[in-house]
Amino acid sequence: MTLFQLIALTLTAVWLAAVLTWLRRSTAALAGGLFAIGIFTLISLAYGLVTPVGLGLGAFGAWWLTAGLALAWLGVVLAYNPMANRLAARWFPQPPTLEAFKPIQESRGKLVAGILAAWGLGGFLEELVARGIVLQALESLLAAWLSPPVVVTIAVLVAAAGAGLMHAYQGPRAMVIITQISLLFGVLFVASGNNLWPVILCHGLYDTIAFIRFASGKSSYAVRR
């Protein structure tokens, strides 16, 4: 494990512990933590503590291959989404708390702004933290003691659980749903050779579809106006 991974993993653990305890209803805590870790990562890149490749942000590669992989996996994620909802509803009958997204129902401009924010916070920063940092740091940490398949499995599971915790402000059911979806993003990351670009694209497109459905009232969790 590199010095950057150690510091970034520690910062992430402290942030998520705070979110889970006394900041669980704060969207500002979510965004602030993501930005803070993003800034730390940017500074680390500038000082050579980490490289883009080390974060999964190497060369974009063939755009058609990246886009095709992201779109194909998006189909898998969307197909699984109803099952994720059903499983979460069994454990937590209370629907997710999505009042924070109510503004995107008010106008097309706010919807577009919300989608752009989702790409930045969810598609890029969340994936940078969950997969680029947490998953890969755990792989480095556990590689000396466990076999590769076990290491990858643990890393994917812990990173997905961390992503679920990032959404504590949406309530327990949402956390379970997001953890399941995040598991699929983790599988895509590993299958693509620890390349974040397909995952960022898949996550961003998934959030875009979810926001459009929410704003149009087609989502079962849409806040009624």
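Any residue in the stretch 53-68 that is in a helix (DSSP H, G or I) sitting within a Cβ distance under 7 Å of a residue that is modelled with pLDDT under 95? List the pairs, counting only those 6 or more apart or interchain.
So the pair list comes out as Thr66/Phe60.
Within the bounds of the stretch 108-121, is there any residue that is basic (Lys, Arg) and crowded, with 22+ Cβ neighbours inside 10 Å?
No; the residues of the stretch 108-121 include none that is basic (Lys, Arg) and crowded, with 22+ Cβ neighbours inside 10 Å.
Report, ordered by the first and then the second residue, all pairs with beta carbons closer than 9 Å, sequence separation of six or more or different chains, a first member in the stretch 1-26 that is at pLDDT below 90, and a second member that is β-branched (Val, Ile, Thr).
Pairs found: Arg25/Thr97; Ser26/Val19.
Could you list all residues from the stretch 46-74 that are surrounded by fewer than 20 Cβ atoms within 10 Å (Cβ to Cβ), within 20 Å of Leu138 (Cα to Cα) and small (Gly, Ala, Ser)?
Listed by number, the residues that qualify are Gly54, Gly58.
Only residues that are within 18 Å of the chain's Cα centre (by Cα), over 11 Å from Ala174 (Cα atoms) and not hydrophobic (A, V, I, L, M, F, W, C): list them for the stretch 68-100, please.
Within the stretch 68-100, Gly75, Tyr80, Asn81 qualify.
Residue pairs, Cβ under 7 Å, 6 or more apart or interchain, first in the stretch 123-139 and outside any helix (DSSP H, G or I), second surrounded by fewer than 24 Cβ atoms within 10 Å (Cβ to Cβ) and not polar (S, T, N, Q). List them.
Listed by first residue and then by second, the contacts come to nothing, as the list is empty.
List pairs: first residue in the stretch 181-192 and over 13 Å from Leu135 (Cα atoms), second residue in a helix (DSSP H, G or I) and among the charged types (D, E, K, R) anywhere in the structure, Cβ distance under 7 angstrom, at least six positions apart or on different chains.
Sorted first by the residue in the stretch 181-192, then by its partner, the list stays empty.
Can you pull out every residue in the stretch 79-107 that is within 17 Å of Ile212 (Cα to Cα) and in contact with a Leu (Cβ under 7 Å, 6 or more places away or on another chain)?
Passing the criteria: only Ile104.
Between Ala163, Ala117, which is in a helix (DSSP H, G or I) and in contact (Cβ under 8 Å) with a residue 12 or more places away in the chain?
Exactly one residue qualifies, and that residue is Ala163.
The values are calculated or read from the model by the stated rules, or taken from the named source; none is laboratory data. Being a predicted model, the structure only gives us computed values, none of them experimental. Glycine also receives a Cβ, built like all others from the backbone with ideal geometry; neighbour counts cover every protein chain displayed.
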